[in-house]
Each structure stands twice: as C-alpha cells, then as structure tokens.
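So the structure is just underneath, and the comments pick up after that.
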Amino acid sequence: MKENTNSKALKTFCIGALFCAFVYGLALPFFWGNNPASELGTLSLLCETAQRKPFFWLWGILTSGSILLNTGYMYNKFGIRSKFLNILGVLGFVCMALVALTLGHSIEDWNPKRIAHWVATGAFIVFTIASVALFFIINRKKHPKFNMLTVCTFLILGTFVVIFATVGKSALMEMIPLALIEIFLFAVNFTPWVKAEKG
C-alpha cells in the first residue's frame, strides 16, 4: 500500500511539474509587453536585468527540472535503468543553470560571456534531447513503439530548425519545441498511447 501511495504521489508531482513548466513557458515570453516573434524578444534578452533574472531562473528550473523528472519516470515505467542516460539528464539541467548564469551579456560582439551562453544553450538542447532519444534508440528492440517515438523526438528537435528558418531567432524557438517535448513526455508517461510491455 505504501509503495502504491508513493507511486501516485510521484505521478502527481511529475504531472504537476510538467503542467507548471508548460503554462509558465508559454506565458513568460509575453511578460512586460514582449513580442516572442521578435529577434530581440528571446527570454535571455527579456530577462537580462537583475530584476527579471529570477523569472528566467524559475523558467529554467521548471522546464529542465520537469523534463528531468519525467524522463526518469519514463525509464522506470518501462523498467529500464541507465546511469548513462541519467547523467545526460542531469547534465542538461546543469547546462540550463549555466544558461541562466550567463544572462546579461552584450550582443554587440562575440564576447566570452555571450559565447558561454550560446555553448550552454546548445549543450542543454543536446543533452536534453539525447536523454530522451537515446533511451528509445538503445532500447528499440524492447518495445514495438520505440522506433516511432525516436522519430517523434527528432521531429520535435526539427521544430527548432523550422522556426529559425521561417521566423528567425526568437522566443518561439524556446517556447514551441519545449512545449512539444513536455506534451510528448506527458503522452508517453501518462496516457494509454504507449503502454509498458508486461513480461
């Protein structure tokens, strides 16, 4: 009974974290009259002042934290454990913290702080997607839907490219792909779409 109660509590917490990250991630880019489709409307520029940095930290913790929690939940759901994948997830969270720490850089040139910000952002994307996609790729023979889920993961990653090519650099590149990965993890973990194989 205790394990069942703990499992329900964890499930509720994971869903709650995803929900908060999803709502806040779509709302923050509109704060203070910001235009998320503008080149100067990215969250990094929106929250570069000392007064607004806490809002970015909250976004980063909710976003990366909810993804980390739910990838772990996904690993457990399918009974597959991997220290390697767990490390990737944690590195993604660390890189998000580095993104927040490098806010407030000049965009007039490629100064060291700006370079560090971009590198941390790229690393966050790579580690986060890898913690999801590699899980399906490595274990593709263990579930009939893992190949399809791999494709879905890379399609979500592809939205970064599509948005950049059609709209350009903007907060939309942060809003839409992250919202999609949050919806994806919710669907995998908490809907009948992908059931754990019993064996």
Give Leu18, Leu68 a once-over and let me know the one that is under 21 Å from Phe184 (Cα atoms), in contact with an Asp or Glu (Cβ under 7 Å, 6 or more places away or on another chain) and at pLDDT 95 or above.
Leu18
Which listed residue is within 22 Å of Phe30 (Cβ to Cβ) and of a type outside the set (S, T, N, Q), from Leu45, Leu88:
Leu45
Cβ-Cβ distance below 9 Å, separation of 6 or more or different chains: which pairs start in the stretch 123-149 with a residue that is touching a residue at least 60 places away in the same chain (Cβ under 8 Å) and among the charged types (D, E, K, R) and end on one that is buried (at least 17 other Cβ atoms within 10 Å of the Cβ) and assigned to a loop (DSSP other than H, G, I, E, B)?
Lys142/Phe78
Options Phe55, Phe30, Phe13: the member that is surrounded by fewer than 15 Cβ atoms within 10 Å (Cβ to Cβ), assigned to a helix (DSSP H, G or I) and without any contact (Cβ under 8 Å) to a residue 40 or more places away in the chain:
Phe30
Out of Ala37, Ala21, sole residue that is in a helix (DSSP H, G or I) and either under 15 Å from the mean Cα position of the chain (by Cα) or farther than 18 Å from Ala133 by Cα (or both)
Ala21
Members of the stretch 93-120 found to be touching a helix residue (DSSP H, G or I) at 6+ places or on another chain (Cβ under 8 Å) and open to solvent by less than 50 Å² (accessible area, probe 1.4 Å), listed by number
Cys95, Met96, Ala97, Val99, Ala100, Thr102, Leu103, Gly104, His105, Ala116, His117, Ala120
Every residue from the stretch 16-27 that is without any contact (Cβ under 8 Å) to a residue 24 or more places away in the chain and open to solvent by less than 40 Å² (accessible area, probe 1.4 Å)
Gly16, Ala27
Just checking, does the stretch 187-194 include any residue being farther than 17 Å from Phe124 by Cβ, at pLDDT below 95, in contact with a Gly (Cβ under 7 Å, 6 or more places away or on another chain) and open to solvent by less than 70 Å² (accessible area, probe 1.4 Å)?
no
Residues in the stretch 95-104: is at least one small (Gly, Ala, Ser) and touching a Gly at 6+ places or on another chain (Cβ under 6 Å)?
yes
If we keep only residues of the stretch 145-170 that are over 18 Å from the mean Cα position of the chain (by Cα) and under 16 Å from Asn189 (Cα atoms), then the residue least open to solvent (accessible area, probe 1.4 Å) is Phe146
Kindly indicate whether any position in the stretch 73-84 is over 25 Å from Phe146 (Cα atoms), free of Cβ contacts under 8 Å to residues at least 60 places away in the same chain, open to solvent by 30 Å² or more (accessible area, probe 1.4 Å) and out of contact with any Asp or Glu (no Cβ under 9 Å at 6 or more places or on another chain).
no
Among the helices (runs of 4 or more DSSP H) contained in the stretch 108-199, which hold 2 or more residues that are in contact with a Cys (Cβ under 8 Å, 6 or more places away or on another chain)?
112-138, 172-190
Selection from the stretch 120-173 of residues that are of a type outside the set (Val, Ile, Thr) and under 15 Å from Leu88 (Cα atoms)
Ala120, Gly122, Ala123, Phe124, Phe127, Ala130, Ser131, Ala133, Leu134, Phe135, Phe136
Return yes or no: is Ala50 over 19 Å from Met175 (Cβ atoms) and among the hydrophobic types (A, V, I, L, M, F, W, C)?
yes
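The values are calculated or read from the model by the stated rules, or taken from the named source; none is laboratory data. What you see is a predicted model; the values in this text were computed from it and never measured. Neighbour counts run over all protein chains shown; Cβ positions are idealised from the backbone, glycine included. Accessible surface areas use protein heavy atoms only, side chains included; no ligands, DNA or RNA. Shrake-Rupley method; radii C 1.70, N 1.55, O 1.52, S 1.80 Å.
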